[in-house]
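For reference, the structure discussed in these notes is given below.
Since every read-out is calculated from the coordinates, none of them should be taken as a lab result. Every value quoted in this text rests on a predicted model; they were computed, and no experiment measured them. Positions of Cβ are backbone-derived with ideal geometry, glycine not excepted, and every protein chain shown enters the neighbour counts.
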């Protein structure tokens, strides 16, 4: 009986140590991948310094995405598209981590009526705005930067927000109404902060 108990405790101890080791490994890997940090103030400062470029990006995406199609695209450097989601006539194509120079990308470009040059111009406009992603639609959503496991965005509406839209897009957690037709957005990841860093639950 003592032998069985002894081996049971040994196995349980080894399993526990293995789990702890794996947990530490995952935390280390995640912190290494998502150690870049940005803030709400960075988001605001970037808009104020890059207003012209952000507006140009917003206008450009409106000219290249057909009315029956939508895109959500994020560049991960110059060679990879971290996200390239496309909707065509209601059919959704979800794509993650694909190479810019690949047949998969070429197929998606054809669905949009784009060329490699279109993609290159879009990348240049994102770089000029110091941003990494854009999602077409109303409002147009432009991704500023990832921060740890979250991401900061600008939502750009076609017109200045009405009072009802200001209330809808000003919860201080996910959205902050900034001015005119601009809303700031923060989307949290699977772990970590889920709201803007200075959000206080239960009111300010």
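Shown here: the stretch 29-125, whose C-alpha atoms stretch 38, 37, 25 Å along the first, second and third principal axes, sorted largest to smallest. Restricting the calculation to alpha carbons of the stretch 108-180 gives Rg and Dmax of 14.7, 41 angstrom. Based on alpha-carbon atoms, the Kirkwood radius and the radius of gyration of the stretch 139-204 give Rg/Rh equal to 0.98.
Averaging 1/r over each pair of different alpha-carbon atoms in the stretch 40-187 and inverting the result gives 15.7 Å, the Kirkwood hydrodynamic radius. Fewest neighbouring Cβ atoms within 10 Å first, the residues 84, 199 line up as 199, 84. For the stretch 123-151, backbone nitrogen atoms closer than 12 Å to the point 7 Å from residue 36 Cα along Cα-to-C-beta are found at 127, 130-133, 144-151.
Descending by average beta-carbon neighbour count within 10 Å, the peptides 182-191, 154-163 line up as 182-191, 154-163, the highest first. Each Cα pair under 8 Å and six or more residues apart adds its separation to the average, and for the stretch 40-187 the resulting relative contact order is 19 percent.
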